[in-house]
Amino acid sequence: MCQEYSRPLVRRVLTDLLDGLRREIQAGLVAHDSLRKAVTSIDTVLESHLRERLEPSLRKVINATGVIIFTNAGRAPIAAEIGRRAADIASHYSNLEFNLAKGERGHRDHHLESRLKRLLDCQAATVCNNAAAALLLILNTQAHGKQVIVSRGELIEIGGSFRLPEIMRKSGAILQEVGTTNKTKVSDYRDAISDQTALILRVHPSNYRIIGFTHRPRLGELVEVSRETGIPLVHDLGSGLLFPSDLPWLKDEPTAQGSLASGSDLVCFSGDKLLGGPQAGIIVGRKSMVEAIRKNPLMRACRVDKMTSAALDLTLAEYEKNSFQRSLPIWMMLSADEQTIQERAQNLKAQLLEAGYVADLAPGSSVTGGGSAPGEEIPTWLLQIQAPRHSAASLEAALRLSSPPVLARIEHDKVIVDLRTVFPEEDSLLLTALREIAHS
Ligand SMILES: *Cc1c(COP(=O)(O)O)cnc(C)c1O
């Protein structure tokens, strides 16, 4: 066993196993006749514990929640073909920082910058680890020790400890809040500007919506203030929709193209939200500002890996080809039509009834999630499942513990499955998981 698994690992696992057994014996939990069995089966138990220990911790799951950009489940899945090609680049040497035409050192940003410049018609672009890093870099480069004006209605927290005032503090910039939670006027920005002001920051309130007695200046009005005063305008777009979309649930979502065209000096967004690529923070806009960011030593600490560069390059190429709606999983899910989902759900329902479940189909809604299109709902069909011998909670848990694990939600004592976020080729795996649970 030591040849197969390494001596220290075997020793550690065996020690844990024996300690556990000793504790159980001391607590009187092991009867005399089962003690013999426990001792003689140590070999097999050890082997299975070792195998378990070496299983990869990160695994594929089936997302049946209907939340398309599901942060806890890894946000946007990368297109399978893009993943394969990125892995191929990463498992060989590449021209990551090599200019093949000139035979000299290149910059890893170059691959992505030229594509982003063509796509968004901007002067410059750079890419870092994620959008939080992008914002940190922008603030630290452009506003260290100086003030940044932000509306009180935009001081957001996004899951996973991204809080704007805290990022601001860490960057060394000084937060200058203006307006109120529900109403901020363009004059509030104008009045706050002093010789200490470095930036005006506009933040997309990406995961909530303020309704009722509210006001927020149009981006164009902030551009005017920026032009009059010479204070650059930075737009944290978050979700990263590049261009306007025909999909009704994305009608209010701001776009990178639109923000640049309106006159934002810098725009930053995530790579793994609506863009549908790998985790990354993308900064586009004015050349002098992007170049200053690139020279910031913090950039070196937030740079992206070759696998990310390759996957992002290929993802952006799908936009250049205008094939992204057909090839990027996020976009296939966002645009999947209700009827196809209904047919798949019908099919699954029939087989679940055969397997002894109670199953129904009802109209419902999916959400884009991940800090985009807050409040928008995407019409879908939901499978409502009840098991004869399981409560909803225990069925949900059994699904979570199957292989592959299935994530579903519970509503009114039923397990709800939304096939919008399930890849069509996973339908059969989902059925197998449910059949196995029915027989257990
Ligand atoms: C999601 C989001 C971020 C953080 O993006 P990460 O890529 O997760 O770091 C920042 N700002 C806004 C407005 C967002 O929606």
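Points worth noting:
- Considering the conditions (1) more than 30 Å from PRO388 (Cβ to Cβ); (2) open to solvent by 20 Å² or more (accessible area, probe 1.4 Å); (3) more than 16 Å from the ligand (Cβ to nearest atom), THR340 is excluded by exactly one of them, (1).
- Residue within the stretch 199-216 that is in contact (Cβ under 8 Å) with a residue 40 or more places away in the chain, more than 16 Å from the ligand (Cβ to nearest atom), crowded, with 17+ Cβ neighbours inside 10 Å and in the same structural domain as LEU266 (by TED's automatic domain parsing) present: no
- Test: residue in the stretch 235-250 that is buried (at least 18 other Cβ atoms within 10 Å of the Cβ) and part of a helix (DSSP H, G or I): yes
- Within the stretch 279-335, considering residues that are within 15 Å of the ligand (Cβ to nearest atom) and of a type in the set (Val, Ile, Thr), the one most open to solvent (accessible area, probe 1.4 Å): THR308
- GLU157 being buried (at least 16 other Cβ atoms within 10 Å of the Cβ), under 25 Å from the mean Cα position of the chain (by Cα) and charged (D, E, K, R): no
- Of all residues in the stretch 402-421 being touching a helix residue (DSSP H, G or I) at 6+ places or on another chain (Cβ under 6 Å), over 20 Å from ILE330 (Cα atoms) and hydrophobic (A, V, I, L, M, F, W, C), the one that is most open to solvent (accessible area, probe 1.4 Å): ILE410
- Residue check, ALA143 open to solvent by 80 Å² or more (accessible area, probe 1.4 Å), away from the ligand (no atom under 16 Å from the Cβ), more than 25 Å from GLN279 (Cα to Cα) and assigned by TED's automatic domain parsing to the domain that holds ALA256: no
- Test for GLU166: is it over 16 Å from LEU266 (Cβ atoms) and over 28 Å from the mean Cα position of the chain (by Cα): no
- Filter pass, ALA373 being touching a Leu at 6+ places or on another chain (Cβ under 7 Å), within 16 Å of the ligand (Cβ to nearest atom), assigned by TED's automatic domain parsing to the domain that holds GLN342 and open to solvent by less than 30 Å² (accessible area, probe 1.4 Å): yes
- Screening the candidates ILE82, ILE62, ILE78 for the property of being under 29 Å from ARG420 (Cβ atoms) and either of a type in the set (D, E, K, R) or within 16 Å of the ligand (Cβ to nearest atom) (or both) yields one hit, ILE78.
- Some residue of the stretch 117-132 being part of a loop (DSSP other than H, G, I, E, B), closer than 30 Å to PRO405 by Cα and open to solvent by less than 70 Å² (accessible area, probe 1.4 Å): yes
- Under the condition of being surrounded by 13 or more Cβ atoms within 10 Å (Cβ to Cβ) and not hydrophobic (A, V, I, L, M, F, W, C), the residues counted in the stretch 21-52 number 3.
The values are calculated or read from the model by the stated rules, or taken from the named source; none is laboratory data. Given the structure is predicted, the values throughout are model-derived calculations rather than measurements. Here the Cβ is made from the backbone with ideal geometry for all residues, glycine too, and neighbour counts use every protein chain on show. Note: areas computed on protein heavy atoms with side chains; ligands, DNA, RNA excluded. Shrake-Rupley method; radii C 1.70, N 1.55, O 1.52, S 1.80 Å.
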